[in-house]
1. Number of Lys pairs in the chain with C-alpha atoms less than 16 angstrom apart, excluding same-chain neighbours closer than eight positions?
2. Please compute the modelled spin-label separation between LYS90 and LYS124, points set 7 Å along Cα→Cβ, answer in nm with one decimal.
3. Quick one: check the C-alpha center-to-center distance for the range 36-50 versus the range 56-120, whole angstrom.
4. Around PRO81, with a cut-off of 15 angstrom between Cβ atoms, what is the net charge of the other residues, counting Lys and Arg +1 and Asp and Glu -1?
5. Between ILE134 and LYS106, take the C-beta separation as r, use R0 = 30 Å, and let me know the FRET efficiency to the nearest 0.05.
6. What is the dipole size for the chain, taken about its Cα centre, with +1 at each Lys and Arg Cβ and -1 at each Asp and Glu Cβ, in debye to the nearest 20?
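Each reported figure results from applying straightforward, stated rules to the coordinates on display, with no laboratory input. Bear in mind that the values here come from a model prediction, so they are computed numbers and not experimental data. Ideal geometry is used to build each Cβ from the backbone, glycine not excepted, and the neighbour counts take in all protein chains shown.
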Amino acid sequence: MITEVTVENETTWAEMCVVLWPNHTSEEFLNARKNGEYRNEFLYSYSEKYIGFLSLSIRNDYVEGTSTSPVGYVEGIYVLPDYRNKGIAKEFISFAKEWALKNRCKELASDCEINNLDSFEFHKKLGFKEANRIICFTMDLKK
């Protein structure tokens, strides 16, 4: 069952976020949520245990490969390893489609790291089309 992240379950959500995005801490996710970020977060529960999360947003800026605005965006999706390949992520994406439509979006978008072949195959399998490949650069301006 998919449920919204609440104060009661946000610690579990934050711990799973760290697994997906290991360059951050659960405290950073919890603080960002308290500051108004991560407003559209959902957990998947099975047998009274949370086994995955879905992070959604509405993007009003340009989203690579889209032609409308706003766009529903899958910011993150994660399922515990023991529960993968059981249709949970597919349920999450179906939920994301409905959520995006309810929020006046005509398109749903997502991304993955260029070397994350599992995520790439997952997105293709569920009907996403590759829009572009980019390499991002940064430059430190401190002297």
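1. Counting lysine pairs in the chain gives 10.
2. About 1.8 nm separates the two model spin labels.
3. Between the Cα centre of the range 36-50 and that of the range 56-120, the gap is 15 Å.
4. Numbers: positive: LYS49, ARG84, LYS86; negative: GLU15, ASP82, ASP118.
That works out to 0.
5. Numbers: r = 23 Å, r/R0 = 0.78.
So the FRET efficiency works out to roughly 0.80.
6. Details: 18 positive and 22 negative charges, 95 e Å.
My answer is approximately 460 debye.
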